[in-house]
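Everything below concerns the one structure shown next.
What follows draws every value from the coordinates through simple rules; no lab data is involved. Not measured: the values here are computed from a predicted model. Positions of Cβ are generated from backbone atoms using ideal geometry, with glycine treated the same way; all protein chains shown enter the neighbour counts.
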Amino acid sequence: MKKLFALALIAAASPAFASSGPFLSLRNTDFVVTIAFLLFVGVLLLLKVPGILGGMLDNRAEGIKFELDTARSLHEEARALLASYEQKHREMQEQAQGIVTNARREALAAADQAKADLKVAMARRLQAAQDQIASAETAAVKAVKDKAVSVAVAAAGDLLARQMDASARNELVESSIRDVAGRLH
């Protein structure tokens, strides 16, 4: 590589040969520049600057390679983390959907149960109202019968009182006393 570098430097110095006049003279600026350039290149080669530059470039290339490898590993970790979060997100969505579905199902079941309970309560209240009506009806009929009996007894008593004379009354009282006496003994 050093030989190739030296040939490239000499080829780069070839335009200096195109100047006019004797080239190998210190009065020729092209010659002086060429000599100075070759000395500069020689000093650089003597101090092993190309090797140092190559080493620096190799170190830089290794640093870049290390950074690229680190970036790749971070990228893979980020992808894995993203995939994990996406999976968790999907699971959470499915779980949320399940919760919503269960809540709807439970709400519908609760509504159906409430309707059934309401029907039972309404039937009980209706039955209680009908029982109250029947009880009131029975009480009213009994009250009317009692009143009718009271009125009939009073009317019969009045009628008997008007139709009976004193002797018939005495005979009825004595007959009642005999009946009571017979039943007691």
With θ taken as phi - 60° and the coefficients 6.51, -1.76 and 1.60, list the Karplus ³J(HN,Hα) couplings across the stretch 141-153 in order, rounded to whole Hz; mark glycine and proline as x. 5, 4, 4, 5, 5, 4, 5, 5, 5, 4, 5, 5, 5
The chain: angle of helix 2-12 to the longest principal axis, Cα-based, in degrees nearest 10: 70 degrees
I want the local charge near residue 172. Using Cβ-Cβ distances under 13 Å, sum +1 for each Lys or Arg and -1 for each Asp or Glu among the other residues. -2
Cα→Cβ-extended label distance, 7 Å offset, between residue 124 and residue 92, nm: 4.6 nm
Cα-based helix-to-principal-axis angle, 166-184 vs the chain, degrees rounded to 10: 60 degrees
Expressed in nm to one decimal, what extension gain is obtained for the pair residue 38 and residue 76 from 0.36 nm per residue of sequence separation less their Cα-Cα distance? 8.5 nm
Can you give the longest stretch of the chain with no exposed loop site, where a site means trypsin sites (Lys or Arg not before Pro) in a DSSP loop (not H, G, I, E or B) with at most 16 other C-beta atoms within 10 Å? 49-185
Report the calculated FRET efficiency for residue 27 and residue 52 (r = Cβ-Cβ distance, R0 = 35 Å), to the nearest 0.05. 0.45
Rounded to whole Å, sorted largest first: equivalent-ellipsoid semi-axes of the chain, Cα gyration tensor: 147, 17, 10
For the stretch 32-41, in residue order, the Karplus 3J(HN,Hα) values (coefficients 6.51, -1.76, 1.60; θ = phi - 60°; whole Hz; Gly and Pro = x) are 5, 5, 5, 4, 5, 5, 5, 5, 4, 5
For residue 146 and residue 99 in the same chain, what is the full-extension length gain: residue separation times 0.36 nm, less their Cα-Cα distance, in nm? 10.1 nm
